[in-house]
Each structure stands twice: as C-alpha cells, then as structure tokens.
Amino acid sequence: MGRTLQPYSNLVDNIYERFKKFRKALRKEDQRSFDTLMNAARSQLQVGVMAAQPNPFDSMSMSMLIELHKELLQLQRRLDALEKRQSEKRSGPEEITEIKKESASFRPAGDGNDEQLSRKERQNPHC
C-alpha cells in the first residue's frame, strides 16, 4: 500500500511554486513580505503534518497567522516596555516637584473661602 497523501512539505513547496507569478508581480517590499509569510508557513511544518488537511493552504494560512501574531505580540511587548521607560523618564524628580506645587496651590471652589471667588462673584454675590 502506498501513501495517499503527499508529504506536507512537498505540498507547501507546490503552493509556493503556484504563487511564483503572483510573487513576481508584487513590488519588492511586498515580495519580502510574501517571502516572510511563506517562511512562516514553513516554520510550522510539523503542525501542518499533524493536521492532515485535504487543502494544505488552510494549514499554511493558519501557520502564517500564528507566526504573524507571535511577532505582533513581541512588538507589543517592546512598545509597552519603551512606553514604560519613557513615562519613568518623564516623571523624574523635576516633574514630581512641579506636580506637588500644582496640587498644593489647588483648592476646590465652593468651600466658603473668599479667595477662591472670582472677581465677578465678589462684585455680584447673587449670581
């Protein structure tokens, strides 16, 4: 008895061959993106083998999405770390002192303190 399914790695290569004209029509930067996606599918070959899908492009597409999502998460973590460092730099001792000065001079209006009343309110108290 022979195999009924082609090896998954061969199927991936066949799909890549089918898309060669498509790739060639892309701009250079898009060709690099296309190659990255195809490499992402190849990096997940073991998963595609286990899936044994009748249509290997489904497994390839999922593999590509998984790799892209991993990259997106990595970039998000880097962005979060950069934003955290940036906010820590901004809230240095000078800024903290400035915040304390601002909060010390703030008094909510309506506490019966005439200093907080505007000139108009002092001139016409029945407004």
| query | Which listed residue (LEU65, THR4, LEU75) has the Cα farthest towards the positive end of the charge dipole for the stretch 1-92, taking +1 on Lys and Arg C-beta and -1 on Asp and Glu C-beta about the Cα centre? | reply | LEU75
| query | Rule-of-thumb check for the stretch 1-92: C-alpha Rg over 2.2 N^0.38 Å? | reply | 1.53
| field | Relative contact order of the stretch 1-92, pairs being alpha-carbon contacts under 8 Å that are 6 or more residues apart, as % | value | 28
| query | In what order do MET62, MET50 fall by count of nearby beta-carbon atoms within 10 Å, going from fewest to most? | reply | MET50, MET62
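A short reminder: the numbers here are calculations on the coordinates, not readings from a lab. On a predicted model such as this, the values are computed, not experimentally measured, just so you know. For neighbour counting, all protein chains shown are included, and Cβ atoms are generated from backbone atoms with ideal geometry for every residue, glycine included.
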